[in-house]
Amino acid sequence: MRQRVMHHGARRRRERRRRAVWTGGELLVTVGVVLLLLVVHQLWWTNREAKQGARHGVEALERKWGRGGGADSGTAAGSGSPSASSSTASPGARAGRDLRAAVPEPADLTPGRSQAYAILTVPRLHLRVPVAEGVGKRSVLNKGYVGHYPGTGQPGRAGNFALAGHRNTHGEPFRYINRLAPGDTVRVETRSAVYTYAVDKTLRQTSARDSGVIRPVPRSTVHPTYGYTAPGYYLTLTTCTPEYTSRYRLVVWGKLVSMRPR
């Protein structure tokens, strides 16, 4: 019976292939672990960190304003003065003048870049976060804050108070704004006043470049049937859609219905 002769060259090639397969497997496992850690960081850690930061931001503003507030503070917004009663439920130019007579426009509504200067409360979503000037990711949005689009109106003033917030990761304050329905209230608190808006319309999806939604009279340039045609006192909330992408924008609009001094 003939014996098979094993040449050293063939043995070495087989050993090299074995080592290559082993090394490749180790690399794949390492890459998988790294990717898993990145996902955990994005979906859990950034949310935890940003939500904690936003909570501290709200507390810092309340201390600065000299009061201790809670998630339910200002629930009866509009009940503090006759001119801020339910008669302002359809704010127009005359209603706006009446409201401004009750609460003068304060100087603290000209904030510095990235400065937190207001608190946004959405009772339906159990949301209470700081509002900061600007929509930079590192300086504002990634902190879990809501950002004010520079150049748009300020709370309680004629025009469009337009805000942006993350839908996923970094606190995701606007994750569920798609659940807001007409009539839901959104409060904006500043040092001097509490402004209450009522949700009016929702644009489920539009281009990320649709700048018309944040104009003084908000109206989509992509979907012209969505928006308004007359000046007023508007609130705009924008975020990315679909979830976990930034391809399109989801837009929620509201109108000012009441305001009262602090």
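Side notes on the structure shown:
- Amide hydrogen neighbours beyond the local backbone of GLN154, cut-off 5 Å, H modeled: none
- Fewest-first ordering of ILE214, ILE119 by other beta carbons within 10 Å of each residue's beta carbon gives ILE214, ILE119.
- Less than 5 angstrom separates the built amide H of ASP184 from those of VAL199, all sequence-distant by 5 or more or on a different chain.
Readers should treat all values here as calculations from the given coordinates under stated rules, not as data from a laboratory. Treat the numbers as computed from the prediction; the structure is a model and nothing was measured. Glycine gets a Cβ as well: all are built from the backbone with ideal geometry, and neighbour counts include every protein chain shown.
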